[in-house]
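Some notes on the structure that comes next.
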Amino acid sequence: MQKQKIMAFKNKTLRLILGDQLNINHSWFTTVDSNITFVLMEIKSETDYVKHHIQKVIGIFAAMQHFAKDLQQKNHDVIYIRLNDENNFHRFDENLSVLINTHEFTQFEYMLPDEYRVDEHLNTFTQKLNIPFKVYDTEHFYCTRSELGDFFAGKKTFLMESFYRNIRKKNKVLIDEEDKPLHGKWNFDEDNRQKLPKSHKPVNPLLFSNDVTEIETNILKSNIKTIGKVNSKNFIWPINRKQSLELLEFFTTDCLQLFGTFQDAMAPNEWSLYHSRLSFSMNIKLLSPVEVVDKAIAAYNKNPHEIAFHQLEGFVRQIIGWREYMRGIYWLKMPAYANLNYFQHDKKLPEWFWTGDTKMNCLKHAINQSIDYAYAHHIQRLMVTGNFALLVGIHPDQVDAWYLGIYIDAFEWVEITNTRGMSQYADGGIVGTKPYVSSAAYINKMSSYCSGCYYDKNKKIGEKACPFNSLYWNFYNMHEDKLGNNPRIGMMYNVWRKMNVDTQKELLTQADFYLKHLNEI
Ligand SMILES: Cc1cc2nc3c(=O)[nH]c(=O)nc-3n(C[C@H](O)[C@H](O)[C@H](O)COP(=O)(O)OP(=O)(O)OC[C@H]3O[C@@H](n4cnc5c(N)ncnc54)[C@H](O)[C@@H]3O)c2cc1C
Ligand code: SF4
């Protein structure tokens, strides 16, 4: 534990900064006060609650170290507890107790954690604390924790679209003087979501080249179990505010003009396409959603001939809509949400989810890319890995642990609502109005994976039949009691019910074969 100019004194405040609370524009940091000490800690309770991608652990520690240095340069008093420091007890409560007792702090303060687990931990800690404490907002999100709950009070459904419109109106984002949406519509999705043409070469992603070898060495020394790969001499993710702002600039100048168009597209050798890759910077609060949205709007206003409005609205919807919505659902529904399993699914993830070693080309690419970069874009997460996990009936705990571990931007408040909710429908329809499942037809429509696949996208049964095709019908058949009356999928049930009984049987037998050989397909 680094001991820095801390001596016994009276009226001193200790303020905890969590690894995902690196918001330099927070009001905590506007003035320097010698009676206030900030503490950041690299602890195993945070690295070990799930097996994380090595890039995620490195990225967070690197960003914390930069943040602490920035604070020190601004003359704030900072204690930084490193992973291998001798007196690191690897829990927030224990480290905080030692600091408070040793340095005789008289007040403890922290910002509202975004994760329920950490929130509970600090609640328990402060209940036993014998000095006063105070909790602050993170000053990051558009909405408070309870805003979504208040908005939907008394309602049975939680439609993202109505919440999104409300936030836009409230914050005057893309709204005209009469409180109407700019360009007359709230939603421009129909102009977006095309497949990537064969001849189209997307922009090369802006990658950083950070040397994080020391952090990697310390992680290895402390026996933290991780997944995935890293080139620690050239770490590609932004690890400070300056780099995060550069990535934001790159996105608005080089990607926004085609963001919506290729938002759902997938291609074997393109891992980032026109996506912003800003989720990591935003989720650890190096960037605020407000500044990201404002910057995108400014880019559009400066260059409306190059950036069509539907590209901008598509992007704003992800942040003002989905990101805030998922957080609101999380705080409304936790802790029960973490145990929901609507379909009672109970299978284990196939082993190749950790290696990418499968004959299914779409999954091979989505998983290998996740191992290489700790990143996959939304449609890869939803319609490739998530789709497969749902079709074969993986236990949502297993699916959650995989997503929470593998992605650099994964923090439970935004991971679990996307995974257990949107992707696995384990919440029975709180987040989504129907399960996101598809056969090979959708994957082929949005990607070029199928042409290089061992399996045949057009075959439903027999040798080399694409597993998605039979598993899709098997899923609907298996869950007819729960889904049969859902008006959004009535058409699919009509097709299934009208199908020849022998064909139905063949499809179910084919699906059964794949379900029995999950590790080999
Ligand atoms: C199964 C599953 C798990 C997911 N887990 C996470 C997660 O752990 N952390 C996370 O930040 N996102 C998660 N998402 C949402 C989304 O996939 C990622 O936010 C996005 O891929 C991040 O990449 P990007 O920054 O390039 O996003 P872009 O495509 O550039 O989108 C811009 C921003 O919009 C926000 N956004 C877009 N979609 C969503 C969404 N559905 N929910 C919340 N915010 C959204 C993100 O902040 C993102 O940075 C998950 C989605 C699915 C289907
Ligand atoms: S054929 Fe099936 S398994 Fe292969 S890439 Fe297409 S959808 Fe995926």
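Stretching Asp191 away from Ser146 to a fully extended chain increases their span by 12.9 nm, per 0.36 nm per residue minus the current alpha-carbon distance. As a fraction of the 1.4 Å probe accessible area of the chain, surface on carbon and sulfur atoms comes out at 49 percent. Taking every protein chain into account, the 1.4 Å probe leaves His275 with about 20 Å² of accessible area, to the nearest ten.
Relative contact order of region 236-373, please, whole-number percent, based on alpha carbon pairs below 8 angstrom and at least 6 residues apart. It comes to 23 percent, rounded to a whole number. Taking a straight line from the alpha carbon of Lys464, these aspartates and glutamates sit under 14 Å away, with near neighbours fewer than eight places off in the same chain left out: Asp456, Glu520. Each label was represented as a point 7 Å from its Cα along the Cα-to-Cβ direction; for Ile131 and Lys69 these points are 2.9 nm apart.
Accessible surface comparison of Glu520, Glu270, probe 1.4 Å, protein chains only, largest first: the order is Glu520, Glu270.
Residues Glu249, Glu109, ordered by accessible area of protein heavy atoms at a 1.4 angstrom probe radius and largest first, appear as Glu249, Glu109.
In units of the compact-protein estimate 2.2 N^0.38 Å, region 332-399 shows a Cα radius of gyration of 1.19.
If the only charges are +1 at each Lys and Arg Cβ and -1 at each Asp and Glu Cβ, what is the size of the charge dipole of region 103-188 around the Cα centre, to the nearest 20 debye?
In debye, rounded to 20, region 103-188 gives about 420.
Distance from the C-alpha centroid of region 279-333 to that of region 348-418: 24 Å, rounded to the whole angstrom.
Estimated from the Cβ-Cβ distance and a Förster radius of 56 angstrom, the FRET efficiency linking Gln504 and Thr217 is about 0.45. Among residues other than Gly314 with Cβ under 13 Å from its Cβ, the summed charge is -2 (Lys and Arg +1, Asp and Glu -1). Once the Cα-Cα distance is subtracted from the 0.36 nm per residue extended length, the Ala298 to Tyr49 segment shows a gain of 85.6 nm.
Residue-wise HN-Hα couplings along region 478-493, as the Karplus relation 6.51 cos²θ - 1.76 cosθ + 1.60 with θ = phi - 60° gives them from phi, are 5, 10, 4, 4, 8, 10, x, 9, 6, x, 6, 10, x, 4, 5, 5 Hz; Gly and Pro carry x. Here the contact order of the chain, divided by its residue count and restricted to Cα pairs under 8 Å and six or more residues apart, works out to 16 percent.
Please give the net charge around Asp512, taking every other residue with its beta carbon less than 12 angstrom from that of Asp512, where Lys and Arg add +1 and Asp and Glu add -1.
Result for the neighbourhood of Asp512: +1.
Which value, in Å², gives the accessible area per residue of the chain when a 1.4 Å probe is used on the protein heavy atoms?
43
How far, in degrees from 0 to 90, does helix 361-373 lean away from the longest principal axis of the Cα atoms of the chain, to the nearest 10? Compared with the principal axis, the helix lies near 10 degrees.
Rolling a 1.4 Å probe across all protein chains gives Tyr436 an accessible area of roughly 80 Å². Rolling a 1.4 Å probe over the protein heavy atoms leaves Val392 with an accessible area of roughly 0 Å². Using Cα atoms only, what is the angle between the long axis of helix 396-406 and the major principal axis of the chain, expressed in degrees (0 to 90) to the nearest 10? Around 60 degrees separate the two axes.
Kirkwood's formula applied to the C-alpha pairs of region 96-164 gives a hydrodynamic radius of 14.7 angstrom.
Each eigenvalue of the Cα gyration tensor of the chain, multiplied by 5 and square-rooted, gives one semi-axis; in descending order these are 41, 26, 23 Å.
Nearest 10 degrees, 0 to 90: what angle lies between the long axis of helix 324-333 and the longest principal axis of the chain (Cα atoms)? Computed tilt is about 80 degrees.
The values are calculated or read from the model by the stated rules, or taken from the named source; none is laboratory data. Everything quoted here is computed from the prediction, not taken from an experiment. A quick note on method: Cβ atoms are made from the backbone with ideal geometry, for glycine too, and the neighbour counts reach across all protein chains shown. The accessibility values were calculated without ligands, DNA or RNA, using every heavy atom of the protein model including side chains. Shrake-Rupley method; radii C 1.70, N 1.55, O 1.52, S 1.80 Å.
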